[in-house]
Amino acid sequence: MVDFDVVSLPETDHVAEGDTAPDFTRPLVSDEYWEDRALADVVDGPTLLLFHPMDGAFQGTYLYNTVDDHGWSDDVDVLGVSISTPYAHKRLLADRGDGVRIFSDPGAGVIEEYGLAHDIDGMTGVTESRPAVLLLDADRTVEHAWVASEHPEFPDAEAIDDAVADLVD
Amino acid sequence: MSEPQITLYRLQACPFCERVVRTLDELDLSYRSRYVEPMHSERNVVKRVSGARSVPAIVDRETGVTMSESANIVEYLNGTYGEGGA
């Protein structure tokens with residue numbers, strides 16, 4: 001992509017394939033409203049759980065464009081998580097992420113519990129999420145996991161296509 | 001704390017900006033980060049400062065240099081502050 005080394009992110013003990021995705025409760029934002037929801041109550045079938053940097057960063061924009069381009073929300077439930085507020089999520093969902101709902105985790109507690117925290121240079125006090133894609137089955141078992149190891153790094157959409165196809169077959 | 005001499009205009013997770021940050025860190029230079037929006041149309045501050053909306057861009061108050069393009073910036077920083085530099 002570029003003719004110099006991209007920044008590597010440190011090793012992290014993140015939620016991985018075979019784990020049960022930890023339950024949490026946070027405001028879950030749709031294009032119409034938000035309310036506190038527990039992940040365990042929301043997941044009732046194959047679910048893509050997408051962690052991404054704050055709304056407005058281009059990584060999140062690309063991610064939801066990919067969700068829309070591949071039509072993942074037609075096949076599985078798609079849930080996002082970022083540190084942005086419900087207001088920002090609602091604005092994001094007005095433009096992209098058709099059928100997606102996004103958890104709001106401004107304190108990054110969920111992001112830390114999932115092993116995805118990323119302290120970002122030049123934004124003191126802000127804990128970001130590194131991009132991650134977790135495909136869950138109905139009991140929250142992680143069937144496929146991808147976590148960024150470089151800054152920036154983007155998920156392999158074809159690999160997610162395949163994992164989604166395997167799970168919903 | 002005194003003002004850092006270098007201001008870096010950057011975009012979150014932009015690899016070209018991270019490249020400049022790495023060079024700044026390697027040279028132990030203090031800098032101030034100013035983050036701008038991904039949309040070019042929302043980067044007027046960068047255009048005012050550097051004449052273009054591209055990031056990364058740096059302003060070095062010590063030398064009076066303003067510069068865009070990561071390869072140029074890295075070369076400038078190494079040449080000015082690296083070993084053998086002025």
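Read the figures in this text as sums done on the coordinates, not as results from a lab. Since the model is a prediction, treat every value here as computed from it, not as a measurement. So basically every Cβ, Gly included, is an ideal-geometry build from the backbone, and we count neighbours across all protein chains shown.
Computed quantities for the displayed model
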quantity: Nitroxide proxy distance, nm - points 7 Å out along Cα→Cβ at residue A:156 and residue B:42; calculated: 3.2
quantity: Of all DSSP beta bridges in region A:1-160, antiparallel share, percent nearest 5; calculated: 70
quantity: Estimated FRET transfer efficiency (residue B:71, residue A:119; beta-carbon r; R0 30 Å; 0.05); calculated: 0.65
quantity: Within region B:6-81: Cβ-based charge dipole about Cα centre, in debye rounded to nearest 20 (Lys, Arg +1; Asp, Glu -1); calculated: 360
quantity: Cut-off of 10 Å, at most 13 other beta carbons, DSSP loop: longest stretch of chain A lacking such GluC sites (Glu not before Pro); calculated: A:33-169
quantity: Chain B - share of DSSP beta bridges that are antiparallel (%, nearest 5); calculated: 60
quantity: Rg/Rg_globular for chain A, with Rg_globular taken as 2.2 N^0.38 Å and Rg from C-alpha atoms; calculated: 0.96
quantity: Which of A:141, A:131, A:20, positive extreme of dipole for region A:19-168 (C-beta unit charges); calculated: A:131
quantity: Alpha-carbon radius of gyration plus Dmax, which is the widest Cα pair, for chain B in Å; calculated: 12.3, 40
quantity: Rounded to 10°, Cα long-axis angle of helix B:70-81 versus longest principal axis of chain B; calculated: 30
quantity: Magnitude of the charge dipole, chain A, Cβ model with Lys/Arg +1 and Asp/Glu -1, debye to 20; calculated: 760
